[in-house]
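Engineer: The structure's right below; bear with me while I get my questions together.
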Amino acid sequence: MAPQKAQANPRQKYQVLEAYQCPNKKHWHQVGTVLELLPCEADFLLLSGKLGVAKADKSTKGDN
């Protein structure tokens with residue numbers, strides 16, 4: 001089996017629209033913060049209205 005190429009960073013930038021607590025680290029993310037999350041991490045938060053797709057000019061804060 002041939003080795004696979006490494007994928008580009010699958011994380012995407014999201015802006016916090018409503019404050020929420022990270023379920024992994026128990027840290028609160030405040031409104032306006034821009035986060036880089038995996039699509040699977042962001043799905044529920046997008047559907048619940050806690051996140052929106054971020055604009056490109058904001059600073060980022062990783063979740064991990």
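The values are calculated or read from the model by the stated rules, or taken from the named source; none is laboratory data. Just so we're clear, the structure is a prediction, and the values are computed from it rather than from any experiment. Neighbour counts are summed over all protein chains in view; Cβ atoms, including those assigned to glycine, are modelled from backbone coordinates with ideal geometry.
Engineer: So which residues in region 23-51 are surrounded by 13 or more Cβ atoms within 10 Å (Cβ to Cβ), over 19 Å from ASN9 (Cα atoms) and not charged (D, E, K, R), if there are any at all?
Structural biologist: HIS29, THR33, LEU45, LEU46, LEU51
Engineer: Can you run down the residue pairs with Cβ atoms below 7 Å, 6 or more apart or on separate chains, where the first is in region 30-48 and in a loop (DSSP other than H, G, I, E, B) and the partner is of a type in the set (Asp, Glu)?
Structural biologist: Pairs found: VAL31/GLU18.
Engineer: Here's something else I'd like to know. Assess whether VAL16 counts as being at pLDDT 95 or above and of a type in the set (A, V, I, L, M).
Structural biologist: Here the answer is yes, as VAL16 does meet what is asked.
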